[in-house]
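Novice: The structure that follows is given in the form of structure tokens.
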Amino acid sequence: MSTNSKPLDGFVVLEFSQFLSGPVAGLRLSDLGARVIKIERPGVGDLCRNLYISDTDLEGDSTLFHAINRNKESFEANLKDPKDLEKLKKLISKADIITQNFRPGVIERIGLDYKNVKKINPKIVYGTISGYGDKGPWKDLPGQDLLAQSRSGLVWLNGNGGEAPTPMGLAAADMLAGHYLVEGILSALVKSLKTDIGSYVETSLMEALLDFQFEVLTTYLNDGNRKPVRSSFNNAHAYLSAPYGIYKTSDGYLAIAMTPIPQLGELLKLDSITTFTDQKEWFTKRDEIKKMIGNWLIKQSTQYWLDILQPADIWCAEVLEWDKMMQNDGFKVLDMLQRIKRFDGLDIETLRCPIRINNEVYKSDRAAPVIGQHTKQIIEEFSL
């Protein structure tokens, strides 16, 4: 772990955000060295504290909350209390970055929107995440991940053809929007450092998901608006031909990416697919070819097939579950795990920042705060 300074050391971020998207942005800024202060409602805090994705409870908070709020501070403030608002305005005058993900119109009613905040601090970089932007018929709808995925068309790319649309098994919209916001914030921060002029940075769950699909949407927009056609057998990408997919073997699963079908047939000793020499057929007869491959691969173990395909430089991989993945040296060498702790004895294992700069791995052992843990300290430090 590095003992050197991090790129954002000395920068102060005020996080008026909860649930996932905004806190994900704060997490990454914190990982890179920024001091992130969560502004939390007294006695309640970030609602993500009680958003459980398992039955595991960690000192009264969910594992999800701990995963995305490590290495942050907590400042209790009632946004409807004039005295607390005055304290926050003083804090804003000394901050570098603000993030917020209230529904459109809420932060304006509180009086802490960018128009008002930049009067307090003209250099502030102000980042906002919404569900669908601040205009149009969707602007007031809940910015929830599954709903955004469903409206974006993404769910029609997953699962097999003929089956129901399938969402990603992760909060993809929230995670992506948080990371896109960081990209915008860092760009605006460079501008602020050069010009002493702040910026208003916006993104939304929908924009994040649309950009996530830029490759396939560009295809759709330029090939006559033909809808994606999912393979009915082992679909892994609606726009890619056979053999692209995951196949069951006698003891597990094998992923095979883009590979010339005749070459694959020769290596597998599967004569029935060596005759598909026309690349157009790899798509038009995709399901037929993939079923032939699937019926053949299930006869032997995953390692048996890897020993044949990998020496021939075929793009393939064993499909690993988390336990087996973490036992592999390929995972261990990345040093992705870290332990985080808190004053009350909380001690949990989680992941580190995935970014390395100048070969330095960034870790922090400070767990997510309890509600208002740093309020008194911050009031004294900033003379609020």
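Novice: Could you please give the count of residues in segment 119-134 that are farther than 14 Å from Thr203 by Cβ and part of a loop (DSSP other than H, G, I, E, B)? Reasoning before the result, please.
Specialist: Narrowing segment 119-134 to residues farther than 14 Å from Thr203 by Cβ: 119-124.
Next, from what is left, pick out any that are part of a loop (DSSP other than H, G, I, E, B): 121-124.
Selection size over segment 119-134: 4.
To keep it simple, each residue is scored yes or no on (1) over 18 Å from the mean Cα position of the chain (by Cα); (2) small (Gly, Ala, Ser).
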| position | (1), (2) |
| --- | --- |
| Arg49 | yes, no |
| Ser54 | yes, yes |
| Gly60 | yes, yes |
| Arg70 | no, no |
| Pro82 | yes, no |
| Lys87 | yes, no |
| Lys90 | yes, no |
| Gln100 | no, no |
| Glu108 | yes, no |
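Novice: Can you tell me how many residues in segment 163-210 are of a type outside the set (A, V, I, L, M) and assigned to a helix (DSSP H, G or I)?
Specialist: The total comes to 12.
Novice: Evaluate the following for Ala67: is it out of contact with any Ser or Thr (no Cβ under 6 Å at 6 or more places or on another chain) and surrounded by 18 or more Cβ atoms within 10 Å (Cβ to Cβ)?
Specialist: Against the criterion (out of contact with any Ser or Thr (no Cβ under 6 Å at 6 or more places or on another chain) and surrounded by 18 or more Cβ atoms within 10 Å (Cβ to Cβ)), Ala67 does not qualify.
Novice: Residue by residue through segment 31-59, note down the ones that are surrounded by fewer than 13 Cβ atoms within 10 Å (Cβ to Cβ) and either on the phi > 0 side of the Ramachandran plot or not aliphatic (A, V, I, L, M) (or both).
Specialist: Those that are surrounded by fewer than 13 Cβ atoms within 10 Å (Cβ to Cβ) and either on the phi > 0 side of the Ramachandran plot or not aliphatic (A, V, I, L, M) (or both): Gly43, Ser54, Asp55, Thr56, Asp57.
Novice: Given Asp196, Asp174, which one is touching a Leu at 6+ places or on another chain (Cβ under 6 Å), acidic (Asp, Glu), under 30 Å from Lys118 (Cβ atoms) and touching a residue at least 12 places away in the same chain (Cβ under 8 Å)?
Specialist: That would be Asp174, the only listed residue that is touching a Leu at 6+ places or on another chain (Cβ under 6 Å), acidic (Asp, Glu), under 30 Å from Lys118 (Cβ atoms) and touching a residue at least 12 places away in the same chain (Cβ under 8 Å).
Novice: Look through Gly136, Gly143, Gly161 and report the one residue that is under 24 Å from Val216 (Cβ atoms) and without any contact (Cβ under 8 Å) to a residue 12 or more places away in the chain.
Specialist: Gly136
Novice: Can you name the residue in segment 340-369 that is among the β-branched types (Val, Ile, Thr) and crowded, with 18+ Cβ neighbours inside 10 Å and is also nearest to Asp31 (Cα to Cα) among such residues?
Specialist: It comes out as Ile340.
Novice: Quick one: would you say Phe65 is within 23 Å of Glu380 (Cβ to Cβ) and touching a residue at least 40 places away in the same chain (Cβ under 8 Å)?
Specialist: No.
Novice: Which count do you get for residues in segment 236-285 that are outside any strand (DSSP E or B), within 30 Å of Val155 (Cβ to Cβ) and aromatic (Phe, Trp, Tyr)?
Specialist: The number of residues fulfilling the criteria is 4.
Novice: Now, a different point. Evaluate the following for Lys341: is it under 30 Å from Ser250 (Cβ atoms), among the charged types (D, E, K, R) and either out of contact with any Gly (no Cβ under 8 Å at 6 or more places or on another chain) or in contact (Cβ under 8 Å) with a residue 12 or more places away in the chain (or both)?
Specialist: No; evaluated as a whole, the condition is false for this residue.
Novice: Also, quick follow-up: Filter segment 145-162 down to residues that are touching a helix residue (DSSP H, G or I) at 6+ places or on another chain (Cβ under 8 Å), hydrophobic (A, V, I, L, M, F, W, C) and in a helix (DSSP H, G or I), then give me how many there are.
Specialist: Matching residues across segment 145-162 total 3.
Novice: One residue is enough: does segment 208-219 have a residue meeting the conditions surrounded by 20 or more Cβ atoms within 10 Å (Cβ to Cβ) and either in contact with a Ser or Thr (Cβ under 7 Å, 6 or more places away or on another chain) or of a type in the set (A, V, I, L, M) (or both)?
Specialist: Yes, the conditions are met somewhere in segment 208-219.
Novice: So how many residues does segment 9-59 have that are farther than 22 Å from Ile92 by Cβ and hydroxyl-bearing (Ser, Thr, Tyr)?
Specialist: Going through segment 9-59 one residue at a time, the tally reaches 3.
Novice: Oh, and also: Could you tell me whether segment 362-377 includes any residue that is on the phi > 0 side of the Ramachandran plot, free of Cβ contacts under 8 Å to residues at least 60 places away in the same chain and not hydrophobic (A, V, I, L, M, F, W, C)? Outline the logic, then answer.
Specialist: Taking segment 362-377 as the starting set, the residues that turn out to be on the phi > 0 side of the Ramachandran plot are 372.
Among the residues that remain, those that are also free of Cβ contacts under 8 Å to residues at least 60 places away in the same chain are: none.
Checked segment 362-377: no residue is on the phi > 0 side of the Ramachandran plot, free of Cβ contacts under 8 Å to residues at least 60 places away in the same chain and not hydrophobic (A, V, I, L, M, F, W, C).
Novice: Which one of the conditions (1) farther than 30 Å from Gly10 by Cβ; (2) touching a strand residue (DSSP E or B) at 6+ places or on another chain (Cβ under 9 Å); (3) free of Cβ contacts under 8 Å to residues at least 24 places away in the same chain does Pro82 fail to meet, given that it meets all the rest?
Specialist: Against the list (1) farther than 30 Å from Gly10 by Cβ; (2) touching a strand residue (DSSP E or B) at 6+ places or on another chain (Cβ under 9 Å); (3) free of Cβ contacts under 8 Å to residues at least 24 places away in the same chain, Pro82 comes up short only on (2).
Novice: Could you tell me which of the residues Gly159, Gly131 is over 30 Å from Leu189 (Cα atoms) and either of a type outside the set (Asp, Glu) or surrounded by fewer than 16 Cβ atoms within 10 Å (Cβ to Cβ) (or both)?
Specialist: Step by step, each of Gly159, Gly131 is checked, and only Gly159 is over 30 Å from Leu189 (Cα atoms) and either of a type outside the set (Asp, Glu) or surrounded by fewer than 16 Cβ atoms within 10 Å (Cβ to Cβ) (or both).
Novice: Only one of (1) at pLDDT below 95; (2) closer than 30 Å to Tyr362 by Cα; (3) charged (D, E, K, R) is not met by Lys135, so which one is it?
Specialist: Failing condition for Lys135: (2).
The values are calculated or read from the model by the stated rules, or taken from the named source; none is laboratory data. A quick note: this is a predicted structure, and the numbers were derived from the prediction, not measured. When we count neighbours, we look across all protein chains shown, and the Cβ atoms used for this are built from the backbone with ideal geometry, even at glycine.
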